[in-house]
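Please read the structure below before turning to the comments.
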Amino acid sequence: RIMKARKVESLDNFLDSVTHLLWPRLKTIMDKQIRSVRDGDSRKLGVTELHAHYVSRRYAEFTCSILQILNKGNRGGGGGGGV
């Protein structure tokens, strides 16, 4: 899809294959990340502070980065909101 918009359709099949190979691993990693945040015990992280814990902040930054990468692929198709 991205390569078609850029008029490089010959890479579409290759990039689709790469996506199909990498997607299961990314899903596994994201599921483990979500499970670890959900199962985490905040009392084990240390003293209570008013600021976000660094693990939560890093996870939020990571998730935001992934969403921005995915959103860039949808921009060329038109209609999507920008970040």
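What follows draws every value from the coordinates through simple rules; no lab data is involved. What you see is a predicted model; the values in this text were computed from it and never measured. Note that we place each Cβ from the backbone using ideal geometry, even for glycine, and neighbour counts take in every protein chain shown.
Structure notes:
- Distance between the pseudo-spin-label points of SER42 and ALA60 (7 Å out from Cα toward the beta carbon): 1.3 nm.
- Residue ranges 34-41, 59-66 sort as 59-66, 34-41 when ordered by packing (mean number of other C-beta atoms within 10 Å per residue, highest first).
- Entries of LYS32/LYS72; LYS4/LYS27; LYS44/LYS72 with Cα pairs more than 29 Å apart: LYS44/LYS72
- Its Cα gyration tensor gives segment 27-73 an equivalent ellipsoid, and the semi-axes of that ellipsoid, as √(5λ) in whole Å with the largest first, are 25, 14, 5.
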